[in-house]
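For reference, the structure discussed in these notes is given below.
The values are calculated or read from the model by the stated rules, or taken from the named source; none is laboratory data. In this text the structure is predicted, and so the values were computed from the model without any measurement. As a convention, Cβ positions derive from the backbone with ideal geometry for all residues, glycine included, and neighbour counts pool all protein chains shown.
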Amino acid sequence: VAHNLLETLRNAFPAKVLGEQQALEAKFELCCQFFNFPGEAEDRSFLPAAENTRGDDDRLAYILYTSGSTGKPKGVMISHHNALSFVDWCSDTFSPLPADRFSSHAPFHFDLSILDLYVSIKHGATLVLIDETTAKQPEALAAFIAEHRISVWYSAPSILSLMAQFGNM
């Protein structure tokens, strides 16, 4: 994991990284400025002023990394137009409401999280984060869905199969 992260940082060469510095420092020398979270990053003075990007849909919104066919992380650049098109498609297809409760099962570096994060924000819905331990236990996931009244679930089909088989669903 640390090797893939280092390759990703070297490839994307971000100006700043927000994360848990102590967990990374022991593994490798960082190639960019790092802000420890929580802590110094709570002071947002290091952030640049927001720019108005309206009318420039081709601008880079984010980079998703895949393992690629070689096993080496490969960055896929996603434009604002691409991201907004996906969010709009999800909105039109699923018609979420402000009363909906989205699960956030996928880690934020995985493409499935785009629906959870941005579609819930667009519609003023609630986003419920699933902790790492619960995410790995089908029975705990099934209980989590009931307890948190999740109304929108987006995951790999294998997760649903495991919950059906072992989660008493």
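I'd like the residue in the stretch 67-107 that is of a type in the set (S, T, N, Q) and either surrounded by fewer than 12 Cβ atoms within 10 Å (Cβ to Cβ) or in contact with a Leu (Cβ under 6 Å, 6 or more places away or on another chain) (or both) and, out of all such residues, is farthest from A125 (Cα to Cα).
Here is the first cut: in the stretch 67-107, the ones of a type in the set (S, T, N, Q) are 67, 69-70, 79, 82, 85, 91, 93, 95, 103-104.
Cutting the leftovers down to either surrounded by fewer than 12 Cβ atoms within 10 Å (Cβ to Cβ) or in contact with a Leu (Cβ under 6 Å, 6 or more places away or on another chain) (or both) gives us 67, 69-70, 93, 95, 104.
Numbers: S67: 32, S69: 37, T70: 39, T93: 16, S95: 12, S104: 12 Å.
Looking at residues that are of a type in the set (S, T, N, Q) and either surrounded by fewer than 12 Cβ atoms within 10 Å (Cβ to Cβ) or in contact with a Leu (Cβ under 6 Å, 6 or more places away or on another chain) (or both), I get T70.
Would you mind finding the one in E139, E147, E132 that is at pLDDT 95 or above and surrounded by fewer than 18 Cβ atoms within 10 Å (Cβ to Cβ)? Before you say what the answer is, go through the steps one by one.
Working: E139 fails: at pLDDT 95 or above; E132 fails: at pLDDT 95 or above.
None of the other options fit; the residue is E147.
Mind checking whether some residue in the stretch 131-141 is closer than 26 Å to T66 by Cα, assigned to a helix (DSSP H, G or I) and of a type in the set (G, A, S)?
yes
Scan the stretch 142-169 for residues that are of a type in the set (S, T, N, Q), over 10 Å from F102 (Cα atoms) and either touching an Asp or Glu at 6+ places or on another chain (Cβ under 9 Å) or assigned to a helix (DSSP H, G or I) (or both) and jot them down. I'd like the intermediate steps shown before the answer.
The first filter runs over the stretch 142-169 and keeps only residues of a type in the set (S, T, N, Q), leaving 151, 155, 158, 161, 165, 168.
Right, trim to over 10 Å from F102 (Cα atoms) and you get 155, 158, 161, 165, 168.
Result: S158, S161, Q165, N168.
Among the residues of the stretch 90-118, write down those that are out of contact with any Lys or Arg (no Cβ under 9 Å at 6 or more places or on another chain), part of a helix (DSSP H, G or I) and not β-branched (V, I, T). First the steps, then the outcome.
Going through the stretch 90-118, the residues out of contact with any Lys or Arg (no Cβ under 9 Å at 6 or more places or on another chain) turn out to be 92-95, 97-100, 102-118.
Now restrict to residues that are part of a helix (DSSP H, G or I): 92-94, 113-118.
If the condition is that a residue be out of contact with any Lys or Arg (no Cβ under 9 Å at 6 or more places or on another chain), part of a helix (DSSP H, G or I) and not β-branched (V, I, T), then D92, F94, S113, L115, D116, L117, Y118 are the ones that fit.
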